[in-house]
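These notes concern the structure reproduced below.
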Amino acid sequence: MKVIVDDKIPYIREALSAMGVEAVYLPGSTISPEAVRDADALIVRTRTRCDAALLDGSRVQFIATATIGYDHIDTGYCAAHGICWTNAPGCNAASVRQYVQSVLLLLQCEQGVKLPEATLGVVGVGHVGTLVVEMARSWNMRVLCCDPLRAERGEKGFVSLETIAREADIITLHTPLTKEGPYPTFHLADETFFNSLQRKPYFINTSRGETTDTAALLHALESGKIAGSIIDVWEHEPHINLNLLNRCYIGTPHIAGYSADGKANATRMSLEALSRHFGLGDVPSIEPPLPSETTIHAKSRAEALLSIYNPHTDSKALKDAPSQFEFLRGNYPLRREEQAYDLNLWSFLGQ
């Protein structure tokens, strides 16, 4: 069996070798029809578009994407040609929660937002959104949840996007990217949405760049409809809008879900799916390395959490070298989540 693997997927080489699988490692954006022609399987990320242009004439029968999103996979083509595919739902949900958590703490510490008095609007309450809701409620924030698909199934506790536009002080998007169906999310945050905002909220997008109309977001910033933007995902990546980047409070290169813990989860889930499909047996244990210092000394939990991860570091790196978007993303340094650390708090001074 031959497998083509995106060479930026971490912790996978040793595991595939231990499983006795022949693998060829290539940059995701350069995986070509010639490369996959004699491959049985692909393990990719979002930079590889899996469609007729890539797959026609190949013997590929299985595709795993080590990501939550799968809009880069032509699922209709796969179904028509007997190609099984899988994604990694929830793999990096805790990592994105960590990113949003740090953003909220920065808004409190630097922008004067009093979190227990603020209303958070969460648009999309799946794997990621659910963790964000739980985190915000643990801080006694008022949380409004918008998820029309869940509401349509009869689940309670959801509000409309119009309610969030009217009442939220902070809005965070956690939807997949869809262009069809009853609730498409392409340009969900458009000119109409931003013009309907009532409380000059902060706007966070860690979902997909195309859920937000860039021109509309820029106009909202320029006209004062929003207090600021935190953008991790961009239209036309890696060719991002530099005007928007410069106006962002925080702008990062699509790395909200890039904790080592989330990456390890995605790699493991992809290999487990590969193993199930081809009957390969057990997948070796995949554990990310420990941070160089595992004890955090801080005066408060907020200080400790920002010591573990502060998005300003990634934002500065991108603003200093926006042309290096892909390099910054593909060579992201080790980032662990809170469970990898011991927190030594001198005193608890609030969130």
Roughly speaking, what is the centre-to-centre gap between the stretch 69-86 and the stretch 232-309 when only Cα atoms are used, to the nearest Å?
25
Find the centroid of the Cα atoms in the stretch 100-131 and in the stretch 13-32, then give the distance between the two in whole Å.
38
Under the helix-only model (-39500 (n - 2.57) for each DSSP H run of 4 or more, divided by the residues of the chain), the mean residue ellipticity at 222 nm, to 500 deg cm²/dmol, is -10000 deg cm²/dmol
Cβ-Cβ cut-off under 9 Å around S95, Lys and Arg +1, Asp and Glu -1: the net charge is +1
To the nearest 10 degrees, how steeply does helix 311-320 sit against the main Cα axis of the chain, on a 0 to 90 scale?
70
State the number of lysine pairs found in the chain whose Cα atoms come within less than 29 Å, restricting to pairs 8 or more positions apart or on distinct chains.
24
Nearest-0.05 FRET efficiency for C109 and D38 at R0 = 35 Å, using Cβ-Cβ distance, is 0.05
Helix 260-278 against the longest principal axis of the chain: what's the angle in degrees, Cα atoms only, rounded to the nearest 10?
30
Entry for semi-axes √(5λ) of the Cα gyration tensor in Å (calculated from the structure that is shown) out of (1) 31, 24, 24; (2) 34, 25, 19; (3) 38, 22, 18:
(2)
Placing +1 at every Lys and Arg Cβ and -1 at every Asp and Glu Cβ, with all other atoms neutral, what dipole size does the chain have around its Cα centre, in debye to the nearest 20?
560
Simple SL model, points at 7 angstrom along Cα→Cβ for R276 and T192; separation in nm is 3.9
In nm, what is the difference between 0.36 nm times the number of residues separating N140 and Q324 and their Cα-Cα distance?
62.4 nm
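Since every read-out is calculated from the coordinates, none of them should be taken as a lab result. Values in this document were obtained by computation on a predicted structure and should not be read as measured data. Quick reminder, even Gly has a Cβ in these numbers, built from the backbone with ideal geometry, and neighbours come from all protein chains shown.
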